[in-house]
Ligand code: ADP
Ligand code: AMP
């Protein structure tokens, strides 16, 4: 399956992506995780992305599109993938859809994890992520088994560099202006699947799995 995950920052895309990727056996590609890893490692890509990310802005399309197009040429994604955080602009959406149709493939769904900004502002201060594998936790809603350590790989959990109040406000504004038009875009293509992301994590997972299984059956 080829699936994209849409939704505001902090909607739970990364959290749900882990489950979807495992259940459907498709690689999880998160542009946010790739940028964050490159910033920590001090690479050229990290240097290009850092200032934008710290201010809550989108990394320019030229940089992001090249990154994703190169990733989608690798062998492990031939049978499918889960894109988390891409596309985030209509231009990115156009490039992705063109690339998919030119390679004779199909996009199965654009899953929108819908969460109002009031919930997001409440969630963000409690988010903690694993420095090593990017897994996402929440001090209150999704705590790790052992305080401060990742359940998957045991590395230290930290607060994300862009989860402070000013950047969250900016990211929500950017989402409304630049990413929300993609909801209409995928609705018109009959690919949009809406999920209520305000419920508990397990309930959100259950609904996503149910809807994706139904799509699989119809293929
Ligand atoms: P995104 O990848 O969309 O930015 P995350 O998956 O990192 O979002 O989730 C943002 C924060 O909200 C994390 O701290 C995560 O543990 C928490 N979270 C995710 N889904 C839910 C949910 N359904 N209810 C409460 N908290 C959630
Ligand atoms: P995320 O982890 O998805 O919240 O992404 C973290 C940050 O990486 C975002 O706030 C953007 O600055 C940048 N980013 C991630 N994906 C994209 C994208 N598709 N286009 C532009 N910038 C992106």
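The values are calculated or read from the model by the stated rules, or taken from the named source; none is laboratory data. The structure displayed is predicted, hence computed values, not measured ones. All Cβ positions, even for glycine, are placed from backbone atoms using ideal geometry, and neighbour counts span all protein chains on display.
Which of the residues spanning the stretch 188-211 are assigned to a helix (DSSP H, G or I) and either modelled with pLDDT under 95 or loosely packed, with under 14 Cβ neighbours inside 10 Å (or both)? Passing the criteria: 188, 202, 203, 206, 210.
Pairs linking a residue in the stretch 54-68 that is closer than 15 Å to residue 34 by Cβ and in contact (Cβ under 8 Å) with a residue 40 or more places away in the chain to a residue that is more than 6 Å from ligand 2 (Cβ to nearest atom) and not in a helix (DSSP H, G or I), with Cβ atoms under 8 Å and 6 or more positions apart or on different chains, are 58/89. Within the bounds of the stretch 164-173, is there any residue that is within 16 Å of ligand 2 (Cβ to nearest atom), in a loop (DSSP other than H, G, I, E, B) and over 30 Å from residue 98 (Cα atoms)? Yes, the stretch 164-173 contains at least one residue that is within 16 Å of ligand 2 (Cβ to nearest atom), in a loop (DSSP other than H, G, I, E, B) and over 30 Å from residue 98 (Cα atoms).
Scanning for something more than 16 Å from ligand 2 (Cβ to nearest atom), touching a strand residue (DSSP E or B) at 6+ places or on another chain (Cβ under 9 Å) and assigned to a helix (DSSP H, G or I), does the stretch 78-99 turn up at least one residue? No, the stretch 78-99 contains no residue that is more than 16 Å from ligand 2 (Cβ to nearest atom), touching a strand residue (DSSP E or B) at 6+ places or on another chain (Cβ under 9 Å) and assigned to a helix (DSSP H, G or I). Return a yes/no flag: does the stretch 120-131 have any residue that is loosely packed, with under 13 Cβ neighbours inside 10 Å and more than 23 Å from residue 37 (Cα to Cα). The answer is yes; a qualifying residue exists. Per this entry, residue 34 is not counted among residues that are touching a helix residue (DSSP H, G or I) at 6+ places or on another chain (Cβ under 8 Å), away from ligand 1 (no atom under 11 Å from the Cβ) and either farther than 22 Å from residue 170 by Cβ or not in a helix (DSSP H, G or I) (or both). Counting the residues of the stretch 126-140 that are more than 16 Å from the chain's Cα centre (by Cα) and at pLDDT 95 or above gives 4.
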